[in-house]
Amino acid sequence: MSTPKNKLYLSRFKKHVCDTRKHLNESDYVQASEKIWGAMSSLVNAESLNEITGMRGKKEAFENLYRRLCVKYGHLRKVLTDCHFKDAYHLATMAEGLHLYFFGGRSYPDHYILTVVEDCVKVFEEVEKVL
């Protein structure tokens, strides 16, 4: 059953995905990086009974959610590999790195950020289509 909280998080997920594209077009890789984490975090909480707050919990929840979605929508497995991710946990770990980059906890070259953010957003756009 969908609750107002779940609907709010789903709305945030969609907005973060849209905002990521906007920030990429503006070459604002710092903001685009944070929107990836926000999208993943919001998606996890949109699909969870209880809010998940910790990084590790969010990564594990994303992995479980993606696995469930792949059972119903098999093409999502290929989307991950086409976007250079070994699995959903790998994508979640990369999103965590982007989150740390936003806060200055990591340093990456622009071309790396652009590639990873672009790959993440492609996966999220495909997820959005099946929700």
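Just so you know, all these numbers are worked out from the coordinates, no wet-lab data involved. From a predicted model like this one, the values you see are computed outputs, not experimental measurements. Ideal geometry is used to build each Cβ from the backbone, glycine not excepted, and the neighbour counts take in all protein chains shown.
Tabulated results
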quantity	calculated
For the chain: relative contact order, % (alpha-carbon pairs under 8 angstrom, 6 or more apart)	29 percent
Rg ratio (alpha-carbon, reference 2.2 N^0.38 Å) - region 4-130	0.97
Where labels lie 7 Å past Cα in the beta-carbon direction, separation of Lys7 and Ser107 in nm	4.7 nm
Bins of 5 Å from zero: percent of alpha-carbon pairs in region 34-79	5, 23, 28, 24, 15, 5
Computed E for Met55/Glu26 - FRET, C-beta separation, R0 22 angstrom, nearest 0.05	0.25
HN-Hα J in Hz across region 126-131 - Karplus 6.51, -1.76, 1.60, θ = phi - 60°, x for Gly and Pro	5, 4, 4, 5, 9, 7
Nonlocal Lys pairs with alpha-carbon distance under 17 Å, the chain (8 or more apart, or different chains)	23
